[in-house]
Structure formats: structure tokens, C-alpha cells
Amino acid sequence: MTDAKNEILRVEGLKKYFGSSGAVLHAVDDVNFSINEGATLGVVGESGCGKSTMGRTILRLHEPTEGKVFFKGENIVDYDKKQMKALRKEMQIIFQDPFASLNPRMSISETIIEPLIIQGVYDKKDKAGLQKRVRELMDLVGLAERLINTYPHELDGGRRQRIGIARALALNPKFIVCDEPVSALDVSIQAQILNLMQDLQDELGLTYMFITHDLSVVKHFANDIAVMYLGQLVEKAPAELLFKNPLHPYTKALLSAIPVPDPDYKMERILLQGEITSPINPEPGCRFAKRCPLATAECSGQDLVLREVEPEHFVTCRLVQ
Ligand SMILES: Nc1ncnc2c1ncn2[C@@H]1O[C@H](COP(=O)(O)OP(=O)(O)O)[C@@H](O)[C@H]1O
Ligand SMILES: [Mg+2]
């Protein structure tokens, strides 16, 4: 876990809406944050809150509805096709389910070679160069060389995810969106992949945006954690601080759902009641108010932004602010 001070990514007022006239789904709704080079930002929230959409919009796999994404100081939302192609080398994604994201008809070697050829890093005819690079990448992610011509269905989930990681690393990226990369794996394998990703980060100086619905996955991994609720960030803080002093009622509820190993330590489980606000044409105001045990009438009406309430600790809740 490096703690570099240089900002590599800054997201400003990012919005991604789906649909037009009438029903507009606010999947990502005015998100602001930055990540330092070599650091990991954990993004946590329930299924459907907009984590994947946010990750894809940052990479411009979705076109943003509004907002800016600065990568190394440049707003990539303005980039044309040619600039985007060059940027693909630097920004990559690892998906949740490698079985779904890998082409079943492509062997490990073909899967890793593809981006190298698309990007023109190697000539298709340079068989020796490509084979050398494939072996290098397989070694880097802990895949045995004898597997080089096997297909995804012949491998277990952990090995498939190692292929996904090798493919993402093929172009020497700087920044990787990791979209629930261990959520589809057996618990015993999750730790292996997380360790691998941490080692790779240290070795290659990678910056991660690590998306997960499970706070415990990023607890020891992320430098900072951002909590997302219905398209918005509700809290962001260094990981340790977030666990020690959660401030937003939604973060408190999320934390209370994690089993604690110490039997003397009793944290009361907060069960959320009330209806979930619809992401379609949401009313202005706190999106969590309808489920919040502390909400009052003043929580509706006005949208809130993340505000720093103690050093490096940002929260949207007006009762905390
Ligand atoms: N391509 C799309 N078209 C329309 N709605 C979408 C699309 N992708 C995601 N959504 C909607 O956006 C919201 C956020 O989805 P998603 O980003 O996948 O959430 P998460 O990754 O946190 O589970 C959901 O309500 C989902 O149904
Ligand atoms: Mg998702």
C-alpha cells in the first residue's frame, strides 16, 4: 500500500443518466473525488447504487451525461477517438465475472495477445515477441506456463480471474478500475487474488479504484473508502478512520452488518427500514432520507455535497455537517 501524494485521477460533477424524456434514471448523480497515484480507493455500496456505471463512465466506456474526469491533469471527457485509443493503454478494467468477460473461444495466449495487437504494441507476425510477453504476464499473475493454450472453461474461477488481470496488465496501465474482481470467487480464493492484486500494485505502482458491495473486502486494502448510495457518494475517508468513526447513518448501517470476530464487542445491527428511493427522477434532497432513522423534514428539498467535517473525512449528511 503506497501512499503517494500525487493526484492521478480527479472526478468533478460526474453524472450518468439513462433514458430521456419522462423517466430518467440517475445512475451516477454528481460525484466528486480524487485518487492519488499508487493508492487504492475502495468504492462500496449496495447492488444497483451505480458503482459499475461510475467505473465505466470514468473510463468512458459510457459517455458521461455531465462532468469532468481529469487523468494526469487532462480532462479526458474532451478526448477524441485517437486520444482515447492511446489512453486505453493507461486506464484498464478488471471485471467481476471473468467467465462472462473472457471470450470462451480464445485461449489464454490469444486473450492476452489481443490488446497488444489492437494497440499496435507488437506486430501480428512477431510470434516470438508476443509469446515472450504472454509468458512474462502469465508469470506475473501466477499462471503456470503449461496452461498457455488452455481455454477459460478448462480453468477454475481463480485462474480465470488471473487471465483477466493479465489481460488488463498487458499494456502496462497506470490506473485500473477493479469492478468486484473477487465477488464471484470462492472465499478461499478471494484472499489469493486480493494478495496478488496488492503485490502487483506495489511492484508496478498501480492505482486502483476497487469497487465492491462488501466493505470487509477493502478494509485492509484500500487507502480511502467512498460509500455510495443511489448514485451519490455519502461519505469518504481514509479506511481506518471510516471504520473507527463512521458518520453517515448509511455507513453506520453498512458497518453494523459486518460480523465482528470479538464476542465482547457488541455493535448493534442497524436494520434499514422504509422504502428505497427510486433512482428514476429522484426528488432533490438526501437520497437516504426515507430509510434513515434520524431523518427530518429538512433532509428533503436540497441536494447535498460532500463536505470535509474533519481532516480527510467527507460526509453529505446535514445532521453531521
Ligand atoms: N446500460 C444501462 N441502461 C439503463 N440502466 C442501467 C444501465 N446500466 C445500469 N443501469 C441502471 O443504473 C443503476 C446502477 O447500476 P450499476 O451501476 O450496475 O450498479 P452497481 O454496480 O452498484 O450494482 C441501476 O438502477 C441499473 O439498473
Ligand atoms: Mg456492479
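The values are calculated or read from the model by the stated rules, or taken from the named source; none is laboratory data. Worth saying up front: this structure is predicted, and the values here are computed from it rather than measured. Positions of Cβ are generated from backbone atoms using ideal geometry, with glycine treated the same way; all protein chains shown enter the neighbour counts.
Side notes on the structure shown:
- Meets criteria (closer than 19 Å to Leu9 by Cα, basic (Lys, Arg) and in the same structural domain as Gly13 (by TED's automatic domain parsing)) for Lys219: no
- Some residue of segment 265-286 being aromatic (Phe, Trp, Tyr) and crowded, with 23+ Cβ neighbours inside 10 Å: no
- From Pro282, Pro249, Pro238, residue being touching a residue at least 40 places away in the same chain (Cβ under 8 Å), of a type outside the set (Val, Ile, Thr) and either outside the structural domain of Glu12 (by TED's automatic domain parsing) or more than 29 Å from Thr40 (Cβ to Cβ) (or both): Pro282
- Residue within segment 232-250 that is farther than 30 Å from Phe18 by Cβ, touching a Pro at 6+ places or on another chain (Cβ under 6 Å) and at pLDDT 90 or above present: no
- Every listed requirement among (1) in contact with a strand residue (DSSP E or B) (Cβ under 8 Å, 6 or more places away or on another chain); (2) surrounded by 15 or more Cβ atoms within 10 Å (Cβ to Cβ) is met by Asn245 save one, (2).
- Residues located in segment 209-239, provided they are more than 16 Å from ligand 1 (Cβ to nearest atom) and within 29 Å of Val141 (Cβ to Cβ): Ser216, Lys219, His220, Phe221, Ala222, Asn223, Asp224, Pro238, Ala239
- Ile93 vs. criteria among the aliphatic types (A, V, I, L, M) and within 16 Å of ligand 1 (Cβ to nearest atom): yes
- The number of residues in segment 11-41 being surrounded by 16 or more Cβ atoms within 10 Å (Cβ to Cβ), near ligand 1 (Cβ under 10 Å from one of its atoms) and of a type outside the set (Val, Ile, Thr) comes to 5.
- Of all residues in segment 42-70, exactly one satisfies the criterion of being away from ligand 2 (no atom under 16 Å from the Cβ), within 18 Å of Asp224 (Cβ to Cβ) and either of a type in the set (Lys, Arg) or buried (at least 17 other Cβ atoms within 10 Å of the Cβ) (or both), namely Val69.
- Search result, residues across segment 120-165 that are touching a residue at least 24 places away in the same chain (Cβ under 8 Å) and loosely packed, with under 15 Cβ neighbours inside 10 Å: Asn149, His153, Asp156
- Residues satisfying the stated conditions in segment 109-126, i.e. within 13 Å of Leu169 (Cβ to Cβ) and of a type in the set (Gly, Ala, Ser): none
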